[in-house]
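So the structure is just underneath, and the comments pick up after that.
No lab work stands behind these numbers, since they all come straight from the coordinates. Owing to the predicted nature of the structure, the values given are computational and were not obtained by experimental measurement. A quick note on method: Cβ atoms are made from the backbone with ideal geometry, for glycine too, and the neighbour counts reach across all protein chains shown.
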């Protein structure tokens, strides 16, 4: 089967990946102007995102319930919540207004994120196809393209509300693609069976996914500000930071599938974490825009394969009956980093400077390669 067949098979959950990529790229590429519009400090802004994240994490844990209650309508309903939240964020004139707006967007995004991965996992099982890397790669390319377009819109003088209005219209069209997608079947008996469910292994994999997403979220959320404020770039040059990250992550995810045929999974994961650590630290220490761009590119290439490979690993090492439960728990734990990362960067930046925030992300990636990956390998060997 060709890549076009894989795209067709996964088209409905893929629409959810497109929603998340377009929405968050539209926001993060405009973060400097939105932050300046409410006159917020790094610490205050980071705290607002952290408070919004609390609602998102709760929503992620409740995503299976939302799926059962709303059925096929769950994806489009929560995608619309994403669009409404960011429209509100674009019009917010205060720190409090921005907090509630981001909470609505984060809740919608969290539910959509969990549901599209669960449904994509089910399609992988149904069709016997590897779809996870492809869809995560499409997300990355979408994020990069949207960030570039938003950067050009900022240069042309578009206000945030206008940008988010166009984004909302695109999301409505994507919601039409999602209609009719059936929820993934759930088996309560197998999902709660302690004998079939490797809790320690799932927690370790979840922590590795969290580390990967922490690097991704922290970098994409603060790269534009680093390029503009620290290195003196303009709006379009700042927007290139998240765009380069998204583009290189897309390339890395498609290339990582080929590399997995020649390298053991654990070796590839460790190398990916170390490459990303080097890139993020280089970007943080950069004295020029080009050096920072190169660092973000290396960071994107490295971190790109971590999450898809760990989610795929979770589906392979558990019993078939527990596969969806394992992937869901790994994903929920990991996706919390998308909301922990930016506020963590903000609080560290407030106290020790923005460069130090990137050094911290690099140190966490080195720790993952040295501690988490060997621990996962040991757990997998015991189950072999």
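Can you pull out the residues in the range 245-270 that are touching a residue at least 60 places away in the same chain (Cβ under 8 Å) and either closer than 18 Å to residue 355 by Cβ or over 16 Å from the mean Cα position of the chain (by Cα) (or both)? Passing the criteria: 245, 254, 256, 257, 266, 269, 270. Of the residues examined, residue 152 is one that is touching a helix residue (DSSP H, G or I) at 6+ places or on another chain (Cβ under 9 Å), surrounded by fewer than 20 Cβ atoms within 10 Å (Cβ to Cβ), in a helix (DSSP H, G or I) and touching a residue at least 60 places away in the same chain (Cβ under 8 Å). Within the range 129-149, which residues are surrounded by fewer than 22 Cβ atoms within 10 Å (Cβ to Cβ), in contact with a helix residue (DSSP H, G or I) (Cβ under 7 Å, 6 or more places away or on another chain) and over 24 Å from residue 2 (Cα atoms)? 148 - this is the single residue of the range 129-149 that is surrounded by fewer than 22 Cβ atoms within 10 Å (Cβ to Cβ), in contact with a helix residue (DSSP H, G or I) (Cβ under 7 Å, 6 or more places away or on another chain) and over 24 Å from residue 2 (Cα atoms).
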